[in-house]
Amino acid sequence: MRPPFASPLLRDAVLVAGIAGVLAFPFVGLLLTTQGTAPTLSTRFPEFAGAVVLIFFGRLGISAARRGHSLFPIVLGIAMATVGAFSLLFETTGMAADSAAPWHAFVPGTFLATVASAGGVAIAVVAGRNHLLRDSVPVAQKPLPMKQLLLWTGIALAGVAIVLPLLPAVDRRLIDVATLVLTYVMLGWGLNIVVGLAGLLDLGYVAFYAVGAYSYALLSVTFGWSFWVCLPLAGALAALFGILLGFPVLRLRGDYLAIVTLGFGEMIRIILLNWYDFTNGPDGISNIGRPSFFGFQFAAKPAEGTESFHTLFGIAYDPVHRLIFLYYLILALALLTNAFTLRIRRLPVGRAWEALREDEIACRSLGVNPRNTKLSAFAIGAMFAGFAGSFFATRQGFVSPESFTFIESAILVAIVVLGGMGSQIGVAVAAIILVGLPEYFRELQEYRMLAFGMGMVLIMLWRPGGLLTHREPTIRTRPQPASA
Amino acid sequence: MGHGDGRAHFYVMDYFAQQFINGISLGAIYGLIAIGYTMVYGIIGMINFAHGEIYMIGAFIALMVMVAFGIGEGGLVIVALLSALLVSMALTSLYGWVLERVAYRPLRGSQRLAALISAIGMSIALQNYVQLTQGARVKTLPPIIQGGFEFQFGDTDFIVRLSALQIMIVLVTIALMAVFALLIARTALGRAQRACQQDQSMAALLGVNVDRTISLTFVMGAALASVAGLMVTLYYGVIDFFVGFIAGIKAFTAAVLGGIGSIPGAMLGGLLIGFTEAMWSGYFSIEYKDVATFSILVIVLIFLPTGILGTPEVEKV
Amino acid sequence: MNPSALLQVEHLTMRFGGLVAVDDVSFSVAQGAIHALIGPNGAGKTTVFNCLTGFYKPSVGRITLNSPESQATFLLEQMDDFRIVRDARVVRTFQNIRTFPKMSVLENLMVAQHNHLMRASGWTFLGLIGAPSFRHAEAASVERAEYWIDRTGLAEYADSEAGALPYGEQRRLEIARAMCCDPVLLCLDEPAAGLNPSETEQLSELIGYIRDHHHISVLLIEHDMSMVMGVSDHIVVLDYGQKIAEGTPEEVRNDPAVVQAYLGSDDDETDNAADTTT
Ligand SMILES: Nc1ncnc2c1ncn2[C@@H]1O[C@H](COP(=O)(O)OP(=O)(O)O)[C@@H](O)[C@H]1O
Ligand SMILES: [Mg+2]
């Protein structure tokens, strides 16, 4: 007997796979290459067919699971996962035929196989969960004590972050990745003030990061000033830029503001790229001063008459000391940003930011000056980007315009939005997911931005409000005396 | 002007004429892309951030079709061009339709930023999809449409070129604009679009199929963008997965400049942006031509937020 | 016109393209009184509010506010919306509710005291270091907020999200929030819309209380005629943007022009009245 659900689901899956097939045919089924000056077209039908079949079964499984079927999607999911896993094995052991074919460079079978196995598992798990939940009597769900939960998550994350470099299993690579993630966490927290709290969609945040990095680089290279002198200056300069750029445009409506800030971000990058005399153009600025441990360098052989970090503590020189120091430096900067945000949220200006995000017209009807309030958010956000930029410059010892493209801004916005627009812990978790994971699995680097873009769309569709939407009031009434 | 510099005078004229011609061709292309932005913004009030990528996809498909026809080999040029035009329009329209269906429609009732962020995600995803499947290297197309006119004013050695391709670009743009204007003014679809633009819920009450109208708006915008993609491929002879980004921003600037929501405005804005870019590159510095465009965007938004042909509007409270 | 009036509106005209939403309307609001602005839907009442509170810049007209305390005179048509609230202290609510939905009721009321608190927090710097002077000012603001929370019967919701409140409570929240701005003139745009009769009754009491105990003038847009007639000292009637009548409730009730505007012309069916009063 035919399962009763088969026909509409089947029709839907055929339709979706058909449309996807038409769309994908030119890009997946064909390959444009240029030989000499002549363009040539080659085919890769197996890849294309594989993709269409995958979409067909994937769609079938997803919609079956969505409609509450369990047996069929579980079986389908397991089958997909198995096929995927086998072909992965097949690919990676080099058994696949003619791996020298040109398409291997771009659409390796591993991609489809990975998607198939991951997707299959996901379908099976969702369907399985549906199955289990169906039989359980729906109990009245107690609301989670979100406040406690978030507090403890925060403390746990901070604790892990503090002891991380001291753990025995931790190597240079992990410290490097963690430092990078923390840089994004800090930037995310800075941008969270602008986007998450004040609701101003800034697509050019990377410009302030660049201003901070270049300020630090130029000050340090030109005047030889130390990190601790340049850091506040870079922050102040970035904030100043924030005010200058923000002043004329902050009254624009949400999406106009987004495009204009994007324009500013690109303008700053193009200027950095072309103003040779000042920025050294695409070659960037190198030999930027490294930070010191309160005046003690991290150098194997300290300069005559000075001590370095390892001689100070009487330990053997190890290049990892510098990395660990940098790690703690960015951790401290990030925690400072966080502490600042948590505090300012409880002040009148912080509440006005959130109120502006909620309803600008209502704000104006209560006497809140929208321009000043937005400018303050913009400038403070820019300042933290400036700090982070200084850190970036000193960590790399080198800055060039290449590091400050639009995509960085987009990643940061995605971190804030994925985190849940305003949630500090959300931002940290999102930064770990979006920056840390892809960085640690470099093999998937190629697909990172594709997955990233699709992730942005899917998360918006799934939760238009972000992952962590819980919000604690910034002030509470005094407990009333218990009355009868 | 002195007597001795007649040559220089002609040279100045010639150079200006050349930049003028280049500006018009470029502007026509920006204008075609800008229409997509302006229509979508007019009807659902969102910036379709992925529209630049739709244009890029149109360019790729057009190039593929032309290559499949063996481009200039034999007398097939016209056939190749026409097929490229039709296939690219059809497939790119489908991309536009699916884009709206998948990424924007479910978010129509949500907060404003949700749809914009979804659009940015789509833009990144489409860019990387094309990069992954087709590689990051530029794709080239040798010049297909050759010939044209050359002018020389006075006895300078500077020759002003008006290529056949430039003429074609302008003619195709004019033709498309005419068809389009008729479509909007005369058909039921055009009426439905204008109704939705004014008041969606009212239009729905009066029996306009709002979903379908919005879908068709995306389809039309994508079709025009694909034509722009084809023409850019012919004009510059190189494309890559990244061409949509800057072109998209410029076209959006054009739409804002002309007055967002206004289709003639989009065309006018496109021409102005094309001019600015050609003149700026010709007289100042080619490196800063994008800065010039962005500056225009900022200045227009500050001093003329409704653009040149847009209607001023009081925010309803 | 009465020069000692709190608010004086002269020849107010507002055009949107070809549409004249408000057409040469003049009226005044006396100190310590409740005035009502009535008229069928689309008559231009909300547009008058938007002109008073700076959200629209009138095409023609002058709006003068004589501040009862400082003797200062403000020309509202020349001021930005937020300055009207901050300096002239004319505060309004909205016909379509505009709370800060994700913020708690108390937070909503704290935002209303923004300018005062900003000064107290030393433009944030004193607040960041936790200066005692700021903490005292904040405590005082909380107390003021709690006073209005109690007055408007929102005590049980004080710490909940404003967006989660029932409809009637959201309307009262807007009034409480406006009162936290310390207004001299409170403009209420259809505060009773969507309320049941007993809620409307409470609302009338609240408005009377605001006038009697806080000596604040109220300008009220309302469709509920029994409420308007019961609570107002003076009524202005608009129709198609024009002022068609003005006077005490008694005078307005018996004015033939008003009857005509509400009931349609004589040969229309009288059941039109039902439509126009919703
Ligand atoms: N921002 C605006 N743009 C265009 N027309 C408007 C605007 N605001 C109000 N109107 C028009 O002005 C007229 C009066 O509206 P309104 O003041 O809201 O009426 P009421 O509050 O008396 O019901 C209506 O026809 C309305 O459509
Ligand atoms: Mg109204």
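Readers should treat all values here as calculations from the given coordinates under stated rules, not as data from a laboratory. All figures in this text were calculated on a predicted structure; none of them were measured in a lab. Cβ placement follows ideal geometry from the backbone for every residue including glycine, while neighbour counts extend to all protein chains displayed.
Evaluated on region C:100-164, the Kirkwood hydrodynamic radius is 12.3 Å, with distances taken between all distinct Cα atoms. Shielding by partners for peptide B:213-224, expressed as the average number of C-beta atoms from other protein chains within 10 Å of each residue's C-beta, is 0. Based on alpha-carbon atoms, the Kirkwood radius and the radius of gyration of region C:1-121 give Rg/Rh equal to 0.99. Given the convex hull of the Cα atoms of region B:5-299, what is a quarter of its surface area in nm²? The directionally averaged projection comes out at 16.9 nm². The residues B:T92, A:T279, B:T217, when put in order of fewest to most other Cβ atoms within 10 Å, stand as A:T279, B:T217, B:T92. Amide hydrogen proximity for C:L220: with H placed 1.01 Å from N in the peptide plane, the residues at 5 or more positions away or on another chain lying under 5 Å are C:H35, C:A36, C:L37, C:L188. The phi-based Karplus calculation (6.51 cos²θ - 1.76 cosθ + 1.60; θ = phi - 60°) puts the 3J(HN,Hα) values of region B:205-213 at 4, 8, x, 7, 7, 5, 4, 5, 4 Hz, whole numbers, x for Gly and Pro. Calculated mean residue ellipticity, 222 nm, chain B: -24000 deg cm²/dmol, from DSSP H runs (n ≥ 4) at -39500 (n - 2.57) each, averaged per residue and rounded to 500. Summarised in one figure, the compactness ratio Rg/Rh of chain C, Cα atoms and Kirkwood Rh, is 0.99. By the beta-carbon count within 10 Å of each Cβ, the least crowded to most crowded order of C:K57, A:K374, B:K250, fewest first, is C:K57, A:K374, B:K250.
Between amide H atoms placed 1.01 Å from N, distances below 5 Å from C:A245 occur with C:V237, all of them 5 or more places distant or on a separate chain. Relative to the longest principal axis of the Cα atoms of chain A, the long axis of helix A:227-249 makes an angle of roughly 70 degrees.
Measuring between their Cα centroids, region A:44-95 and region B:119-149 lie 30 Å from each other. Rg and Dmax over the alpha-carbon atoms of region A:157-462 stand at 19.6, 66 Å. Averaging the Cα positions of each part gives two centres, and for region A:204-276 and region B:7-61 these lie 29 Å apart. The phi-based Karplus calculation (6.51 cos²θ - 1.76 cosθ + 1.60; θ = phi - 60°) puts the 3J(HN,Hα) values of region B:37-43 at 5, 5, 5, 5, 5, x, 8 Hz, whole numbers, x for Gly and Pro.
In this structure the amide hydrogen of A:G204, modeled in the peptide plane, comes within under 5 Å of the amide hydrogens of A:L262, none closer than 5 places in sequence on its chain. Computed from Cα atoms, the angle from the helix B:263-283 axis to the main principal axis of chain B rounds to 40 degrees. By the Stokes-Einstein formula, at 1.567 mPa s and 4 °C, region C:93-243 with its Kirkwood radius over alpha-carbon pairs has D equal to 78 µm²/s. When the charge dipole of chain A is built from unit charges on Cβ atoms (+1 for Lys and Arg, -1 for Asp and Glu) and taken about the Cα centre, the candidate among A:G61, A:L434, A:L23 whose Cα reaches farthest toward its positive end is A:G61. In chain C, helical runs assigned H by DSSP with n ≥ 4 each contribute -39500 (n - 2.57); averaged across all residues and rounded to the nearest 500, the mean residue ellipticity at 222 nm is -11000 deg cm²/dmol. Annotation: lysines with alpha-carbon distance below 20 angstrom to C:K102 (same-chain offsets under eight excluded): A:K147, A:K374. Taken about its Cα centre, the protein assembly as shown carries a charge dipole of roughly 2560 debye when the Cβ of each Lys and Arg holds +1 and the Cβ of each Asp and Glu holds -1.
Excluding same-chain neighbours fewer than eight residues apart, the aspartates and glutamates reachable from C:K57 by a Cα-Cα span under 17 Å are B:E313, B:E315, C:E10, C:D23, C:D24, C:E77, C:D80, C:D81.
Peptide C:162-175 shows a mean partner chain C-beta count of 0 within 10 Å per residue C-beta. Which residue, C:L185, C:L220, C:L206, tops the fluctuation ranking in a GNM of chain C built on C-alpha contacts under 10 Å? Top of the fluctuation ranking is C:L206. In a reduced charge model with +1 at each Lys and Arg Cβ and -1 at each Asp and Glu Cβ, region C:14-80 shows a dipole moment near 140 debye about its Cα centre. The Cβ shell under 14 Å around A:A339 holds other residues with a net charge of +3, Lys and Arg each +1, Asp and Glu each -1. Ordered from longest to shortest, the equivalent ellipsoid semi-axes for region A:152-268 are 30, 22, 12 Å, each the square root of 5 times a Cα gyration tensor eigenvalue.
Each other residue within a Cβ distance under 14 Å of A:L257 adds +1 if Lys or Arg and -1 if Asp or Glu, for a net charge of +3.
Only the Cβ atoms of Lys and Arg (+1) and of Asp and Glu (-1) were treated as charged; on that basis the dipole of region B:92-208 about its Cα centre amounts to roughly 660 debye. In chain B, a dipole from Cβ-located charges (positive for Lys and Arg, negative for Asp and Glu) runs towards its positive end, and of B:L309, B:Q152, B:T276 it is B:L309 whose Cα lies farthest in that direction.
By other beta-carbon atoms within 10 Å, ranking B:W280, B:W97 with the fewest at the front produces B:W97, B:W280.
Net charge in the neighbourhood of B:K250 (other residues with Cβ under 9 Å of its Cβ; Lys, Arg +1, Asp, Glu -1) is -2. So what's the angle, to the nearest 10 degrees on a 0 to 90 scale, between helix A:109-135 and the longest Cα principal axis of chain A? The angle comes out near 80 degrees. Over all pairs of different C-alpha atoms in region B:83-203, the reciprocal of the mean inverse distance, the Kirkwood hydrodynamic radius, equals 19.3 Å.
Over its Cα atoms, what ratio of radius of gyration to 2.2 N^0.38 Å does region A:385-434 give? Cα Rg divided by the expected 2.2 N^0.38 Å: 1.28. Here the 3J(HN,Hα) profile of region B:300-311, calculated from phi with Karplus coefficients 6.51, -1.76 and 1.60 at θ = phi - 60°, is 4, 5, 6, 9, 9, x, 8, x, 6, 9, x, 8 Hz, Gly and Pro shown as x.
Working from the pairwise distances between different alpha carbons, so that the mean of 1/r is found and then inverted, what is the protein assembly as shown's Kirkwood radius in Å? Result for the protein assembly as shown, one decimal place: 32.8 Å. Please report the base-10 log of the normalised intensity I(q)/I(0) for region A:363-411, using a Debye sum with one equal scatterer per alpha carbon and no solvent, at each q in 0.14 (1/Å). Scattering profile of region A:363-411, log10 relative to I(0): -0.53.
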